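**Q** Below you'll find the structure I mean.
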Amino acid sequence: MSEGQPIECGERMTIEQVESLYSQLESALLEHDNIDLIADRVQFCDTASLQLIVNLLKTSKEQGHTVRWVKPSSAIMNVAELLGLTKSLELTKHITQ
């Protein structure tokens, strides 16, 4: 699989950043077929940001795009597991390099 357009998730994925993250993702999907979510620096995330990603994954798949996690942080993995979203967020398929 080819390398995707990188989107840096930053240190916080919270409701305060959802609008900005949404805009970045929307723009990237208009110009690229593949998106890589660079998530190794995320120290805190909430349900709003993860809900956005679940919807992004669903929509992108329907439109023939690919969205991949790259090095999701332990904060993302732990919150996703607590919420039962690991499978919906496709965190079992992430890139570790």
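**Q** Report, by residue number, each residue of region 76-97 that is small (Gly, Ala, Ser) and within 14 Å of the chain's Cα centre (by Cα).
**A** Those that are small (Gly, Ala, Ser) and within 14 Å of the chain's Cα centre (by Cα): 80, 88.
**Q** Another question about this same structure. Under the condition of being among the polar types (S, T, N, Q) and exposed (fewer than 13 other Cβ atoms within 10 Å of the Cβ), which residue from region 56-75 is nearest to the chain's Cα centre (by Cα)?
**A** Looking at the filtered set, the residue picked out is 74.
**Q** Another question, then. Give region 1-33 a look and list any residue that's surrounded by 11 or more Cβ atoms within 10 Å (Cβ to Cβ), of a type in the set (Gly, Ala, Ser) and either closer than 18 Å to residue 46 by Cα or in contact with a Phe, Trp or Tyr (Cβ under 7 Å, 6 or more places away or on another chain) (or both), or say none.
**A** 10
**Q** Considering only region 34-45, state which residues are crowded, with 16+ Cβ neighbours inside 10 Å and closer than 15 Å to residue 79 by Cβ.
**A** 37, 39, 42, 45
Any read-out appearing in this document is the output of simple, stated calculations on the displayed coordinates, not a laboratory observation. What you see is a predicted model; the values in this text were computed from it and never measured. Glycine gets a Cβ as well: all are built from the backbone with ideal geometry, and neighbour counts include every protein chain shown.
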